[in-house]
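Below: the structure, in structure tokens.
Just so it is clear, none of the values below were taken in a lab; they were calculated from the coordinates. Remember, predicted model here, so these are calculated numbers, not experimental data. Note: ideal-geometry Cβ built from the backbone for every residue, glycine included; neighbour counts use all protein chains shown.
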Amino acid sequence: MNSFHTESSPRKGQITIFCTYLGMALLSLLGLKVSPVTCLYFEVLVLATMLLCFYFVSKTRWILDFHGCSLLLTNTGNHQRYRLDKLSAADFQFRQSTAQRRRDCCDLKLANLLIGIYDVKDCETLKRYVQENFTT
């Protein structure tokens, strides 16, 4: 097996939802203190911001292309590509919840980088590929 292709699911994280609602609440309180007319303006602005955040979060996912011992990461949100060479099997950290185990997906963290990828599909095949093709 010389190459492997998989992708992550779009993530609607609880932290993103919480931060969006926290921002909404702060803007609403600010709007209420200024005046009743601007309150409506702030509510519309907050709603638009929330919808925009949900749109971006629901569309962004990672595409992972493995070729031998190198990894090409593509972010579908901003269309940027990252090529990672000289990785070892120890650089990959897998975490899997019970719900993810049923769907055969997992969270992937690259140890040397600040990159965490949620809900990577075909997790068992990915783990096997990393064990076979990357040195320890």
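The shape of the range 61-133 comes out oblate: with a ≥ b ≥ c from the C-alpha gyration tensor, a/c is at least 1.5 while a/b does not beat b/c.
Counted by Cβ distance under 13 Å from Phe66, the other residues give a net charge of -3, where Lys and Arg count +1 and Asp and Glu count -1.
Charged neighbours of Asn2, selected by a Cβ distance under 13 Å, balance to -2 (K, R count +1; D, E count -1).
Pairs of Cα atoms under 8 Å, at least six residues apart: use those to get the relative contact order of the range 61-133, whole percent. Write down the numbers at each step before the final one.
Working: 102 pairs, mean separation 14.8, N = 73.
About 20 percent, as a whole number.
Residues whose amide H falls under 5 Å from that of Arg61, counting only those 5 or more places apart or on a different chain, are Thr76, Gly77, with hydrogens built in the peptide plane.
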